[in-house]
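J.: My questions will all concern the structure given below.
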Amino acid sequence: MADSKGFIPLNFSVQEQQDMEQSAKLFYEQLSTRRSVRDFSDKPIPDSVLEHAILAAGTAPSGANMQPWQFVVVQNPEIKAQIRQAAEKEERELYEHRASDEWLDALAPLGTDANKPFLETAPALIAIFLKKVTIDADGTKHKNYYTSESVGIATGVLVAALHQAGLATLTHTPSPMKFLTEILQRPSHERPFLLLVVGYPAEDALVPNIQRLPLRDIATFLK
Ligand code: IYR
């Protein structure tokens, strides 16, 4: 099936316009119910949901198809406790010293503080690492391209896939996140990108009453 360049036919099916419009609307409606959750239940989640969500994330486009990501799924209570302890230490610094008044004011509606009990309560944490280089099995180093864009898109797909599967997430970015490299024993060419908290929401979970911007504020159409 491959041509002289090694290319293969695209697997693509054209949808009826009505179906396209319905799919786009339904996808938006499904995603619009996603909220960042900070109150998690400790109810276990199926491994296969995590696995398929990560496979979905791995379909993201990436610079030169280098797929510069590594997902580390943490379900071990001792490791989660270590992550919580290290994250709260950084967060205390942030809330007490590092964050500007402007930043703290912006965070006020979210009601966040340095306490992160969800890092232990939630059944899974997915630490996402960005690979500036990829090292082959034979030790050859390859530079990766557009790594932030690539890992950002993969993370977005992961969040959407977990939401679609009926799980709640929190994109958590304790800063700095160097402790994740140490606790999770990752090689130095992988940079911690984001910590995704995954689980069912607590039954009484509350979320801030915030709204999404309307289309006219987020998009410009030039025809
Ligand atoms: N990392 C801190 C602070 C924080 C920063 C932003 I920007 C947020 O949108 C939310 C929180 C924390 O997790 O509390």
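Every number in this text was worked out from the coordinates using simple rules, so none of it is lab data. What you see is a predicted model, and the numbers here were worked out from it, not measured in a lab. Neighbour counts run over all protein chains shown; Cβ positions are idealised from the backbone, glycine included.
J.: At 7 Å along the Cα-to-beta-carbon direction for both Ala114 and Gln18, put a label point, then send me their distance in nm to one decimal.
T.: 6.0
J.: Ratio of Rg to Rh for the stretch 119-180, alpha carbon only, Kirkwood?
T.: Using only Cα positions, Rg/Rh for the stretch 119-180 is 1.04.
J.: Residues of the stretch 97-121 with backbone nitrogen within less than 20 Å of a virtual label 7 Å along the Cα-to-Cβ line of Asp42, please, listed as ranges.
T.: Zone members listed by number: 115-121.
J.: If the chain were replaced by its equivalent ellipsoid, with semi-axes equal to the square roots of 5 times the Cα gyration tensor eigenvalues, what would those be, largest first, whole Å?
T.: Equivalent ellipsoid of the chain: 31, 26, 19 Å, largest first.
J.: Right, something else. With a cut-off of 20 Å, note down the residues of the stretch 163-192 whose backbone N falls inside the zone around a label point 7 Å from the Cα of Val133 toward its beta carbon.
T.: Label zone hits: 181-182, 185-192.
J.: While we're on this one: If you count, for each residue, the other Cβ atoms within 10 Å and average over each peptide, how do 122-129, 154-161 line up from highest to lowest?
T.: 122-129, 154-161
J.: Tell me the relative contact order for the chain as a rounded percent, counting alpha carbon contacts under 8 Å between residues six or more apart.
T.: With pairs under 8 Å counted, the relative contact order is 31 percent.
J.: Tell me which lysines have Cα within less than 19 Å of Lys178's Cα, excluding those fewer than 8 residues away on the same chain?
T.: List returned: Lys80, Lys89, Lys116, Lys131, Lys132.
J.: Same structure again: Got a sec to turn the phi values of the stretch 213-219 into Karplus ³J(HN,Hα) couplings, 6.51 cos²θ - 1.76 cosθ + 1.60 with θ = phi - 60°, whole Hz, x for Gly and Pro?
T.: 5, x, 3, 4, 8, 10, 9
J.: Compute the distance in nm between two label points, each set 7 Å from the Cα along the Cα-to-Cβ direction, one at Ala106 and one at Phe27.
T.: 2.9
J.: Shape call for the stretch 1-87 from the C-alpha gyration tensor, a ≥ b ≥ c root eigenvalues: rounded (a/c under 1.5), prolate (a/b greater than b/c) or oblate?
T.: oblate
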